[in-house]
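Okay, so here's the structure we're looking at.
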Amino acid sequence: MRRIIFVLCICLFLIPSNASAAPKKDRAYYETRGEIVWEITTDQKVIALTFDDGPHPEYTAQILDLLKQYEAKATFFVVGNKVKLYPDVLLRTLNEGHEIANHTYSHAYLSKKNNIKKEINKTEELIYATTGSRCQLFRPPGGFYNDRLVSIVRAEGYKVIMWSWQLDTKDWSTPGVNKIVNRVLNNSKNGNIVLFHDYIEGPTQTIAALKIILPELKRRGYRLVTVSELLNYNKAIPAKIH
């Protein structure tokens, strides 16, 4: 009997301590599974510009003018309560070849008290009623996510889209036009996703920055595409974590 117990103890000792441990659910976990996208790996000179929190009757309109001028396309992660106020701006955005994506109804951060599914669906209903089109992409406000959110978003038929960490312009905090410009131009690489905002409280510096950024990226040979277009260039391996 003692011999049997001894053998069992040895066997238990030899089993790796992490054999039954759940995989670490970090960026690499979600990125490898294709459940969240921060950027893609490609040898093509393509970059996706994204704008959050709009639409805005003045700022979005000026951004659309600039995108048209430089033959650029972008993805707009819209907030439902702004869509309700400015449906004409949303319709113009789509009609000019840009992509509309879901960013919740009230810019609701991930928390137990916020019904994320309801926030997503309410926004989707407004977008569809305005444009007749449905979204395929979702970005959680603040970039906050967990397993529950990813599951809900997937069940509702969306892919979660973040942004390249080095290309968060922080334009919402009005850091200065030069800081926004330098952040983008000094860090842009193939397959990146850039984060801007077409709505902020108070004056915006984004439009002045875009007047410098757009022609320079074009001069460097980059094609500025929607996120969905960007995903078509993705290689099998996930982007490197910076």
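The values are calculated or read from the model by the stated rules, or taken from the named source; none is laboratory data. Given the structure is predicted, the values throughout are model-derived calculations rather than measurements. Cβ: placed from backbone, ideal geometry, glycine included. Neighbour counts: every protein chain shown. Keep in mind that these areas ignore ligands, DNA and RNA; they rest on the heavy atoms of the full protein, side chains included. Shrake-Rupley method; radii C 1.70, N 1.55, O 1.52, S 1.80 Å.
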Query - Subset of region 188-197 (residues that are open to solvent by 20 Å² or more (accessible area, probe 1.4 Å) and among the polar types (S, T, N, Q)) - result: Asn190
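Table: residues versus (1) more than 23 Å from Gly97 (Cα to Cα); (2) loosely packed, with under 15 Cβ neighbours inside 10 Å.
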{"site": "Lys170", "(1), (2)": "yes, yes"}
{"site": "Val177", "(1), (2)": "yes, no"}
{"site": "Asn186", "(1), (2)": "yes, yes"}
{"site": "Tyr199", "(1), (2)": "no, no"}
{"site": "Ile207", "(1), (2)": "no, no"}
{"site": "Leu224", "(1), (2)": "no, no"}
{"site": "Lys235", "(1), (2)": "yes, yes"}
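Take Tyr109 and decide whether it is without any contact (Cβ under 8 Å) to a residue 24 or more places away in the chain and more than 18 Å from Val194 (Cα to Cα). Full working, then the answer.
Numbers: without any contact (Cβ under 8 Å) to a residue 24 or more places away in the chain: no; more than 18 Å from Val194 (Cα to Cα): yes.
Answer is no for this residue.
Got a sec? Which of Lys73, Lys45 is under 16 Å from the mean Cα position of the chain (by Cα) and at pLDDT 95 or above?
Details: Lys45 fails: under 16 Å from the mean Cα position of the chain (by Cα).
After ruling out the rest, the residue left standing is Lys73.
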Query raised in the report: Can you name the residue in region 96-109 that is under 15 Å from the mean Cα position of the chain (by Cα) and of a type in the set (A, V, I, L, M) and, of all such residues, is nearest to Val160 (Cα to Cα)?
Result: Ala101
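How many residues, within region 39-73, are assigned to a loop (DSSP other than H, G, I, E, B) and without any contact (Cβ under 8 Å) to a residue 24 or more places away in the chain? Steps first, please.
Going residue by residue through region 39-73, those that are assigned to a loop (DSSP other than H, G, I, E, B) are 39-45, 53-58, 70-73.
Next cut, without any contact (Cβ under 8 Å) to a residue 24 or more places away in the chain only: 58.
Residues in region 39-73 being assigned to a loop (DSSP other than H, G, I, E, B) and without any contact (Cβ under 8 Å) to a residue 24 or more places away in the chain: 1 in total.
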